[in-house]
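What follows is a short report on a single structure.
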Amino acid sequence: MSLTQKQEEFCIEYVQCGNASEAYRRVYSVSNMKSSTVNRKAKGLLDNGKIGARLQELREEPVREAKITLLGHLTDLERLRDLAVQTGNLPAAISAEVARGKASGLYDTDKKIDVSGGISISVSYGDDDDSS
């Protein structure tokens, strides 16, 4: 897949601004073009299969970087948890572990638990026999 330099620049601009006509204006000479011509030419570029494939590649790169960032984040939290355990700071260790779980998606933060209703608690303090 080989694109011209201008097509590559168009792809980069389109990913950055999200508007094909604006990306076209940033890359190509449009001073003598009507707005409708710019729109049509930008649409023509988007319809080009090579450009579509390149746009998909460019969009996947940030996703890959985010995954690497997530892995680094989880590794850092693990290291902090281990350090907290070594120094006897269990609340910090628990917080780090919970943060790792949340970052990994183990906790469903949208799930609500209904705790309405009656709760019965019975407490016993030793013998109930008052005969002594």
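Can you find even one residue in the stretch 18-25 that is more than 20 Å from Arg59 (Cβ to Cβ) and modelled with pLDDT of 95 or more? Among the residues of the stretch 18-25, at least one is more than 20 Å from Arg59 (Cβ to Cβ) and modelled with pLDDT of 95 or more, which makes the answer yes.
Taking the condition in contact (Cβ under 8 Å) with a residue 12 or more places away in the chain and either in contact with a strand residue (DSSP E or B) (Cβ under 8 Å, 6 or more places away or on another chain) or open to solvent by 40 Å² or more (accessible area, probe 1.4 Å) (or both), does Arg40 pass?
no
Going by what's in this entry, would Gly72 be described as open to solvent by less than 70 Å² (accessible area, probe 1.4 Å), within 30 Å of Gly101 (Cβ to Cβ) and assigned to a helix (DSSP H, G or I)? So Gly72 passes the test. Here the condition is being assigned to a helix (DSSP H, G or I) and touching a Ser or Thr at 6+ places or on another chain (Cβ under 8 Å); of Val38, Val15, Val85, Val63, it holds for Val38 alone.
Among the residues of the stretch 17-30, is there at least one that is touching a Cys at 6+ places or on another chain (Cβ under 7 Å) and open to solvent by less than 70 Å² (accessible area, probe 1.4 Å)? Within the stretch 17-30, one or more residues are touching a Cys at 6+ places or on another chain (Cβ under 7 Å) and open to solvent by less than 70 Å² (accessible area, probe 1.4 Å).
Residues in the stretch 9-36 that are small (Gly, Ala, Ser) and farther than 21 Å from Arg54 by Cβ: Ser29, Ser31, Ser35, Ser36.
The values are calculated or read from the model by the stated rules, or taken from the named source; none is laboratory data. Because the structure is a prediction, the values reported are computed rather than measured. Because the Cβ atoms are built from the backbone with ideal geometry, glycine has one as well, and the counts that use them run over all protein chains shown. Side chains included, ligands, DNA and RNA excluded: accessible areas come from the protein's heavy atoms. Shrake-Rupley method; radii C 1.70, N 1.55, O 1.52, S 1.80 Å.
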